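The values are calculated or read from the model by the stated rules, or taken from the named source; none is laboratory data. All figures in this text were calculated on a predicted structure; none of them were measured in a lab. Ideal geometry is used to build each Cβ from the backbone, glycine not excepted, and the neighbour counts take in all protein chains shown. Note: areas computed on protein heavy atoms with side chains; ligands, DNA, RNA excluded. Shrake-Rupley method; radii C 1.70, N 1.55, O 1.52, S 1.80 Å.
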Amino acid sequence: MVRIFAALLLVLTLSGCSTTFVYNNLDWLVHWYIDDYVELNKAQKKQFDHKMQDWLKWHRHQQLPRYRDDLVALKQQFEQGQMTQAHWQEFFSRVRGHWYSLINHLGPDLAELSLQLNDQQIKDMFAAFEKQQKERDEERNELDEQERLEKSRENLHEDIQEWTGRLSAEQKAQLNEWAEGFAPTYELRLKYRRNWQQAAMDNLLLRSNSAAWRASFTELLLNTQAFQSEALQDADKANREYYAQLLAELAPNLTSKQKRHVLKEIQQRIDDLNALIEQ
């Protein structure tokens, strides 16, 4: 539940897809997502809705200004041609910091809400997680290595074009080469995800209305690295550095039109955040 809500709050507010509409309708959108994993009764929904309003108020006034300020700084640095690999890595670090701030703030309330779930709801929720993972595995296994590489290339093109607009054939060819350099993490992440989910389910099934359990629940949400292998942590670190290098090397080779497109996209997100903050 926490990752669904946190992802919606952070990712959607930093994306350009109808940001204000999505944010202003998070109350029912979150219910729509949660319904795929656990069926809440009326009392649970009422309690969740009450907490949700508190979260949104906090997020709008405390977190959105920070997102906005980071994007303003990013826009200024990009305009001045100062976005080095180190600058990109610093920006990624700030985004991860916002993620942990969200989880840290939601943790105590989510512990309280989790106490209201019964054992069957908890088991059903994790069964839904596992079903979703198996569906992902089946889709992935239908592709051979070359098809997976092509999919990675297409995803990278889409990610970059969301900001730059249309890429030239030469730029796409360069990105194709870059796409081959990312460290593979699928199997490592699958093992981590299942280890964490098992620990989370065990934790929830042993829930108790005590300070000790609340602390263990919050720690489980915050300290996910404890369930990640050293190989996964190293690969993730390498991939962040690699992607930062990609962006740093790509930026100087953008056309004037593409640079204007990037600045326009960043400004649109800044404008959306300002509008949300002022509501």
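What to note about this one:
- Accessible surface, the range 94-143, averaged per residue in Å² (probe 1.4 Å): 54 Å²
- Where labels lie 7 Å past Cα in the beta-carbon direction, separation of Ala183 and Ile277 in nm: 3.6 nm
- Shape of the range 43-192, Cα gyration tensor, a/c cut at 1.5: oblate
- Relative to the longest principal axis of the Cα atoms of the chain, the long axis of helix 145-164 makes an angle of roughly 80 degrees.
- Dipole size of the range 101-228 about its Cα centre, with +1 on Lys/Arg Cβ and -1 on Asp/Glu Cβ: approximately 520 debye, rounded to the nearest 20.
- Added length on full extension, which subtracts the Cα-Cα distance from 0.36 nm per residue, Asp69 to Lys259: 66.4 nm
- Cut-off 14 Å between beta-carbons: net charge of the residues surrounding Lys259, Lys and Arg +1, Asp and Glu -1: +3
- Size descriptor for the range 108-148, Kirkwood hydrodynamic radius: 12.5 Å (Cα pairs only, one decimal).
- Sulfur and carbon atoms: percent of accessible area, the range 230-279 [1.4 Å]: 48 percent
- Accessible surface of the range 73-193 [probe 1.4 Å, protein heavy atoms]: carbon and sulfur percent: 45 percent
- Label zone at Ser208 (point 7 Å along Cα-to-Cβ), backbone N below 17 Å, the range 100-118: 112, 115-116
- Radius of gyration over Kirkwood radius for the chain, both on Cα atoms: the Rg/Rh ratio is 0.98.
- Shape of the range 148-279, Cα gyration tensor, a/c cut at 1.5: oblate
- In this structure the range 164-279 gives 56 Å² per residue of accessible area when probed at 1.4 Å with all protein chains present.
- Difference of contour (0.36 nm per residue) and Cα-Cα distance, Gln47 to Asn176: 41.6 nm
- Straight-distance crosslink candidates among lysines, where the alpha carbon sits under 27 Å from Lys237 and sequence neighbours closer than 8 are dropped: Lys75, Lys134, Lys151, Lys172, Lys191
- Size of electric dipole in the chain: Cβ of Lys, Arg +1 and of Asp, Glu -1, about Cα centre, debye, nearest 20: 820 debye
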